[in-house]
Each structure stands twice: as C-alpha cells, then as structure tokens.
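In what follows, a structure is listed as structure tokens, so that the remarks can point back to it.
Here, each number is a calculation from the coordinates, and none is a lab measurement. Given the structure is predicted, the values throughout are model-derived calculations rather than measurements. Cβ: placed from backbone, ideal geometry, glycine included. Neighbour counts: every protein chain shown.
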Amino acid sequence: MTAITKPPVFVVLQLTGGNDYLNSVVPYTDPYYYDNRKGTLRVEAEDVLKLDAEFGLHPCMKPLHEIYERGDMAIIHGVGYPNSPRSHFRSMDIWHTCEPDTVGTEGWAARAIRELDPEGENPVTGVNIGQALPRALVLPGVSVASVADLSSYGLLTGIEVEEKRTRLLQRFANMYGKAIGTGAVNDYLARTGLDALSGADILKRGLASYESTIEYGTDEISRAMRDIATIHTADVGTRVFYTQLIGFDTHAAQQPTFERLWTEVSRAISDFWDDLREHDADDNVVLFLFSEFGRRVRDNGSGTDHGAAGGCFVMGPSVAGGMYGTYPDRKPESLDQGDMIPNQDFRGVYSTILEDWLQLDSIPIVNGHFEKPRFIQSAPTELSSV
C-alpha cells in the first residue's frame, strides 16, 4: 500500500438503541441461532451474504459485504464490557466516557481532539453532525462544531462587521455568566461562541467548494455522511467526525425497522466511500461503527430485548479486513441472563484506533491498558500540522 502522508481522520457512526448483532453478523451454521430466532427474525442460511463457512451478513447489507470482499472492512466480535447494565443511557455513558464503574464527565473522543489540537487552534478539529452533542465529544476547553444541517449552518456569518459579532457574543456571555457565574465560565462561553462563529465560517467555505457526482439517498444517515464527505474534501483540518443514527431499539416489529435502517446505513456508507475516492480523499480515513450493546439471543416474538455483547465494524483502505476476536458462545449454558457474554473490551478497540491510527497514547484517554485487536494495516508515516 502507498504510504499515507496526510493526517489521519477518524469518523464515528453510532448506531443508537442497541443493534441486533446476532442478525447483523449471522452465525448461519449454528443450530442454537435457529433454535432462538423464529419467524420473521431468523435469517435463513441460503439468504446470508457469506463471509466465511460460519458467518455472514444480513442480506440487506450487500454494499457492506462488497466492502468486506474488497478487504476494507474489519468486524470485531464480542465487544462490550463486564457487568452490562442493559440500560441505554448508562451503557452509552460508559462507551462515551470509558468509565464503567463511575459516572464519567469527560468524553473519550474529546480527549483525543485535545491531544490532536492541544492549543485549540482549529475550531473544526472535531465536528459532530447531528442535533445534539454526544457526551463522547464533551470536555471543558475543547470546542466541537455541531452541525444539524450543513446547508443552513453558520447563518451568523452573515453579520459582516467583526465588531458587531464580538458585541453579540459578549452579550451572550454576560447573560449566561449572570445565571451560572462569571470569571472562567464567562471566558469559556465567550471563547466557545467565538469558536462557533469561526467554525461556521470555515465550514460554509467548505460547502461552497464541494462538488460530487455521487447521488446520496434522501434519508437521515445519507445526508449525514454526505455532510462529512463535504467537510472532509474541503480539507479544513477536521480530524474527528461523529454522527449517529437512532432507531435500533427494536423490541417489536424488528424486521421492517432493522432492514430499513441497515439498508440506509449500507447504502450511505458505500456512497460515502465512492465520494471520497472520487475526490482522492479516502486513504487517510477510517470509519468506525458501534452500538451501545447487542440484543438478547432469544427473540420475544417480533423483536429482541436488550443484551450485552455486540460487535463493531471498522472500514477504510488502511484497515486490515477480516474478522477479529471470537464470536461469543450461543449455547444456553454459556449465556448470562439470556445474553452473549462480551470477550473484547470496547476500550481495547478504541486503543487500536487511538494508537495505531491516530498515533496517540491511549492510556490516559481510555483510562487504562486493554488488549488491542490489530485491524489497522497502514498508518500515516508523516503528520502534517493542523
């Protein structure tokens, strides 16, 4: 592979709600799978998009299967953490802060952004595409641009005179400073506001320069992936992107919801990589998909309940494609309250990305040393300044 000399870029796609990993990567030769999955939720062996002699992807994931066949996708089995609470909010907090034993306040991705841009010189080193800022991106002193819709983002940049913009931000800081304190809080609010305006300027310039022949879908995740491609190809120095797709909490009517979501995700990801290749901007990008937990092995009729072990997908030209780790045992005696037991700590997966891709010290970011699956085959050899 050609040496990568551009700064590495990391894209996170969060599948919110608890993706059914057992029906995403199907153990199609396992009788225990078919004993537990009945009716509409079972994926028959002849329909699976085979990865090897044991496992295959759900048939609605054909574009991802093509990426896997190309050698650009890694699947990490059995990801999770000990003593899963099976709570969406608590589990997502754990994934976001790397604090399974206490309630954390610092986002792991924000810590990475701080290390990538310690002086906060670029207000768009980190960009979130979505309505709300995930806790993974929250850290005092770290500014992250949060964009709900890139086409309308940064309307305040229409204020032409810098003095007016400064006065506007000062009124904002004064108003909130009175409510929650002055001093450092006031300074932080003022700086955040200035960063937001600067980021808006930068991203609007990127939008103006974007051209592509790729026709993305009109669904939410397609729009988000197109926005990420737009910003990345504008070369404004963004190193960490984050977005999410909500809807994977499928206790009932799982089949149509699951198939719709994964059809949209698979198509959006395929379009994203086609777009980056068209712009010769794909070789320094790694895309990471995760969900807060998997689903229970036995279905509940038309859906599945909260589980524990799940899996992650990692994609990009620098990824060593294949499957990593061990798919958790589905035998009844091997389950914990009906759930597959994790055998790969998620913080080890983060550590691989942080150390082998972003070239950062993972220990202070994930709060410890964890076993790393080696799914990065080529890392940048020379980093440019942001």
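Take SER151, SER351 and order them by how many other Cβ atoms sit within 10 Å, fewest up front. It would help to have the intermediate numbers written out before the result.
Numbers: SER151 10, SER351 24.
Arranged by neighbour count, lowest to highest, SER151, SER351 become SER151, SER351.
Grab the DSSP H runs of the chain that are 4 residues or longer, score each as -39,500 (n - 2.57), total them, divide by all residues and round the 222 nm result to the nearest 500 deg cm²/dmol.
-10500 deg cm²/dmol
What is the distance in Å between the Cα centres of region 298-317 and region 107-150?
28
For a footprinting-style exposure proxy, rank MET61, MET323, MET73 by other Cβ within 10 Å, fewest first.
If I rank by nearby Cβ atoms, fewest first, I get MET323, MET61, MET73.
Mind sorting out which of [x] 131; [y] 155; [z] 142 is the real volume of the Cα convex hull per residue in Å³ computed from the coordinates?
[z]
Report, in degrees rounded to the nearest 10, the 0 to 90 angle that the Cα long axis of helix 88-97 makes with the longest principal axis of the chain.
60
Starting from the amide H of ILE376, placed 1.01 Å from N in the peptide plane, find each other amide H under 5 Å away whose residue is 5 or more places distant or on another chain.
ALA320
What ranking of LEU358, LEU22 emerges when the number of other C-beta atoms within 10 Å of each C-beta is taken as an exposure proxy, fewest first?
LEU358, LEU22
Filter the trypsin sites (Lys or Arg not before Pro) in region 31-100 to those in DSSP coil with at most 14 other Cβ atoms within 10 Å of their Cβ, and list the result.
LYS38, ARG70
Looking only at ASN122, ASN300, ASN23, which one moves most when the chain is put into a Gaussian network model with springs between Cα atoms under 10 Å?
Most flexible of the set in this elastic network: ASN300.
Just to check I understand the Karplus step: with θ = phi - 60° and J = 6.51 cos²θ - 1.76 cosθ + 1.60, what whole-Hz values come out for region 346-352, glycine and proline as x?
Values, residue by residue: 4, 5, x, 5, 4, 4, 4 Hz.
Taking θ = phi - 60°, what integer Hz values does the Karplus form 6.51 cos²θ - 1.76 cosθ + 1.60 yield along region 236-250, in sequence order, with x for Gly and Pro?
9, x, 6, 10, 10, 10, 9, 8, 8, 10, 8, x, 8, 8, 9
When the Karplus curve 6.51 cos²θ - 1.76 cosθ + 1.60 is applied with θ = phi - 60°, which whole-Hz ³J(HN,Hα) does each residue of region 328-339 get, with x for Gly and Pro?
These are the phi-based 3J(HN,Hα) values: x, 5, 9, 4, x, 6, 9, 8, 10, 6, x, 10 Hz.
How high is the relative contact order of region 64-151, in percent, counting Cα pairs under 8 Å that sit 6 or more residues apart?
Relative contact order, region 64-151: 23 percent.
Round to the nearest 10 and give me the degree value, 0 to 90, for the angle of helix 162-180's Cα axis relative to the longest principal axis of the chain.
With rounding to tens, the tilt is 60 degrees.
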